[in-house]
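Since the structure comes first, as structure tokens, the remarks are kept for the end.
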Amino acid sequence: MRRRAAATKSCGNSRRRTRADEGRGPGPFSPGNGKARRIPLAWLPYALLVPQIAVTIVFFFWPAVQAFWFSFQLQDAFGINTEFAGLRNFADLLRDEHYLASFKTTAVFSLLVAAGGIAISLALATMADRVARGALAYKTLLIWPYAVAPRSRACSGRSCSRPRSASSPT
């Protein structure tokens, strides 16, 4: 018993060495002396972050800055002739009755959807916690949209890439 505990404590390996291990050399992933080798790669986290930062800048920040800049300009239909308008664009928007009505409709709709979604989710979560009989089937049905959505996206992508064969089963 004491020998087994000593083998377990040594370098964190719980596998006991046997006579069959005596003739073996170091494995393909061990450096040979039984200690793990650490390769100092201080630059690796930064190298892995560069593509994500580039995508964020190109696809999020750049368009946001351009939209902000264009909001202060007047342009023709093709964007060839531009004139700096300053805050006049925003003043015109705030005086427009149709814009204010659409803004109010959007705000009310957004609040109702968010509140309704949270209320329904809370009710379903509470019912899922209380269900005793058929709990597995009930919880499976709650997760079902997450399983179905990727398949439906795949089918719609397939129909976009090959419109004629999308309805055929093959």
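Read the figures in this text as sums done on the coordinates, not as results from a lab. The shown structure was predicted, so the numbers you read here are calculated from the model rather than taken from an experiment. Here the Cβ positions follow ideal geometry from the backbone for every residue, glycine too, while neighbour counts run over all protein chains shown.
Numerical summary
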quantity: Calculated FRET value between Asp76 and Thr105, using beta carbons and R₀ = 30 Å, to 0.05; calculated: 0.50
quantity: Estimated inter-spin distance, Tyr146 and Leu122, nm [label 7 Å along Cα→Cβ]; calculated: 2.1
quantity: Label-point gap, in nm, between Ala42 and Arg153 - each point 7 angstrom along Cα→Cβ; calculated: 3.9
quantity: Estimated distance in nm for a label pair at Asp96 and Ala67, the labels positioned 7 Å out from Cα along Cα-to-Cβ; calculated: 1.6
quantity: Alpha-carbon centroids, the stretch 83-132 and the stretch 148-162: separation in whole Å; calculated: 29
